[in-house]
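The values are calculated or read from the model by the stated rules, or taken from the named source; none is laboratory data. Computed from a predicted model, the values in this text were never measured in an experiment. Neighbour counts are summed over all protein chains in view; Cβ atoms, including those assigned to glycine, are modelled from backbone coordinates with ideal geometry. To get the accessible areas, we keep the full protein, side chains included, count just its heavy atoms, and leave off ligands, DNA and RNA. Shrake-Rupley method; radii C 1.70, N 1.55, O 1.52, S 1.80 Å.
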Amino acid sequence: MLLGRYMHLHKGKGRRTGGVLDRSAYILLSRIRVEGPMSIGQLGDAFGLDVSTLNRQTAAAMRAGLVERIPDPDGGMARKFRITEEGERRLDEERTGVVASLDRIMADWPEEDIAAFADYLQRFNSDIERLNGMPWPRHQKVV
């Protein structure tokens, strides 16, 4: 709770004004970056969200130029969402801001403590996902 409040209170510090993604866009773009193009159904399965919620989120991301709809690269019937160059840029910018905020929080921590915290946080997240029956492969660490 405190981490979320800290991040909310310090939005924009170290980041371009107006360049901050909202939480749903950040999560959506992060997942598509890791998994590749995804359909509404795949996004629903991944996040445990209903189609109407995802339609609103993806429509907002499309209006902002963060994602685009493409034919299924595997030849399936459903169209998929792919992250755009602007989406990649904004996601990288947001991630840089998040890391800078975490660096400020942990400025006095020894490297071993930071590594242990990262390992425990990854384990915690993986166990939550496993218990919810929605584990997913992480090809890269997602902050």
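Is it true that R16 is open to solvent by 60 Å² or more (accessible area, probe 1.4 Å), modelled with pLDDT of 90 or more and over 16 Å from the mean Cα position of the chain (by Cα)?
For R16, the condition - open to solvent by 60 Å² or more (accessible area, probe 1.4 Å), modelled with pLDDT of 90 or more and over 16 Å from the mean Cα position of the chain (by Cα) - is not met.
Looking at L21, is it modelled with pLDDT under 90, surrounded by fewer than 16 Cβ atoms within 10 Å (Cβ to Cβ) and aliphatic (A, V, I, L, M)?
no
Could you check the stretch 40-72 and list, in sequence order, the residues that are hydroxyl-bearing (S, T, Y) and either open to solvent by 40 Å² or more (accessible area, probe 1.4 Å) or modelled with pLDDT of 95 or more (or both)?
S52, T58, listed by residue number.
Go over the candidates G65, G97 one by one and state the one that is assigned to a loop (DSSP other than H, G, I, E, B) and touching a residue at least 12 places away in the same chain (Cβ under 8 Å).
One residue alone meets the criteria, G65.
Could you say which residue among A115, A78 is modelled with pLDDT of 95 or more and small (G, A, S)?
Answer to the selection: A115.
Name the single residue, out of those in the stretch 124-143 being part of a loop (DSSP other than H, G, I, E, B) and either in contact with a strand residue (DSSP E or B) (Cβ under 9 Å, 6 or more places away or on another chain) or modelled with pLDDT of 70 or more (or both), that is surrounded by the fewest Cβ atoms within 10 Å (Cβ to Cβ).
If we take residues in the stretch 124-143 being part of a loop (DSSP other than H, G, I, E, B) and either in contact with a strand residue (DSSP E or B) (Cβ under 9 Å, 6 or more places away or on another chain) or modelled with pLDDT of 70 or more (or both), then G133 is surrounded by the fewest Cβ atoms within 10 Å (Cβ to Cβ).
Of everything in the stretch 64-100, what is in contact with a Phe, Trp or Tyr (Cβ under 6 Å, 6 or more places away or on another chain) and of a type in the set (A, V, I, L, M)? Give them in sequence order.
Listed by number, the list holds a single entry, V67.
Of the residues R90, R95, which is open to solvent by less than 90 Å² (accessible area, probe 1.4 Å), in contact with a Leu (Cβ under 7 Å, 6 or more places away or on another chain) and charged (D, E, K, R)?
R90
Say whether the condition of being open to solvent by 70 Å² or more (accessible area, probe 1.4 Å), hydrophobic (A, V, I, L, M, F, W, C) and farther than 21 Å from R23 by Cβ is met by at least one residue in the stretch 108-123.
Yes, that holds for at least one residue.
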